[in-house]
Amino acid sequence: MLAVEPDEPHPPAREADVPAGLAPPDDDAERAWQQLVRQANASIELDVQISFDIAEDGRATLTGRHELLNLSAKPVARLARELWFEHTDGPLRISPLYEGGHRVAIQRVHDTENLAKFACLVSPAIQPGEAAVVGYTCDGGSFVSDHYWQQTASRYIRQLSIRLRHRGARQLVTCTAVEEHPDGAQNSATEALEWDEQDGDVVLTLRRKLLLPNQIITLRWDVARGSA
């Protein structure tokens, strides 16, 4: 009888296979993601943090923090963004946040009652191989009846977190998360949700990794009757 040799583990990623600025992959999924990143030769987002502070009446302040790594051959000085709320009190109010050695200005591109298309102008530009943080805040949106948020990846994203504090909500009734992939396939991401109730507030956190451009994350939650 012939002995069956055990499957050999994947060899560790060679330094040349790992895009500059990224650590060697921890598993096959990250290895495959890094291969796509290397082939794209574009800027990626190492870490995206979207945070909401929702008042008892539903009015929300959004804070976005995007840590970018420029893997392209050209400087990056402009980053397109888009925000949409089902309910607003007028045009969304967007302000820049500064972190590190790069300044950010907001260029309004197109506004409707619920939608803001804008660009973050970065100075100095993010040079090839350089990482920088781009941030902004947004006021004027509200969560009134349908409590959900949809986040679309505009670039490769290594790590995404969506955090919210719904003040005065008292009790979480239900929460779900769904991923929609660029090919239209969907899968549940509810197992990645963490939630808590703190001093009458509901706190939710969703974490996802290794996202592709045009991948969509939808977070839904419902709170106790009588709250926003």
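Read-outs: derived from the displayed coordinates by stated rules, not from any lab. Treat the numbers as computed from the prediction; the structure is a model and nothing was measured. Virtual Cβ from ideal backbone geometry, glycine too; neighbours counted across all protein chains shown.
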Surface/4 estimate of mean projected area, convex hull on alpha-carbon atoms of the chain, nm²
16.5
In segment 88-185, the chymotrypsin sites (Phe, Trp or Tyr not before Pro) that sit in a DSSP loop and have at most 15 other Cβ atoms within 10 Å of their own Cβ are TYR98
If you plug each phi of segment 176-186 into the Karplus form 6.51 cos²θ - 1.76 cosθ + 1.60 with θ = phi - 60°, what whole-Hz ³J(HN,Hα) values come out, in order, with x for Gly and Pro?
9, 9, 10, 9, 10, 8, x, 8, x, 5, 10
Nearest 0.05, what FRET efficiency do GLU86 and ARG31 give at R0 = 25 Å with Cβ-Cβ as r?
0.05
How do 200-207, 83-90 rank on mean C-beta neighbours within 10 Å, highest first?
200-207, 83-90
May I ask for the angle, rounded to the nearest 10°, between helix 28-40 and the longest principal axis of the chain, with both axes built from Cα atoms and the value confined to 0 to 90°?
90
For the chain, what does -39500 (n - 2.57) per DSSP helix run (n ≥ 4), summed and divided by total residues, give at 222 nm, in deg cm²/dmol to the nearest 500?
-2000 deg cm²/dmol
Semi-axes of the equivalent ellipsoid for segment 166-228, please: Cα gyration tensor eigenvalues, times 5, square-rooted, ordered largest first, whole Å.
27, 11, 8
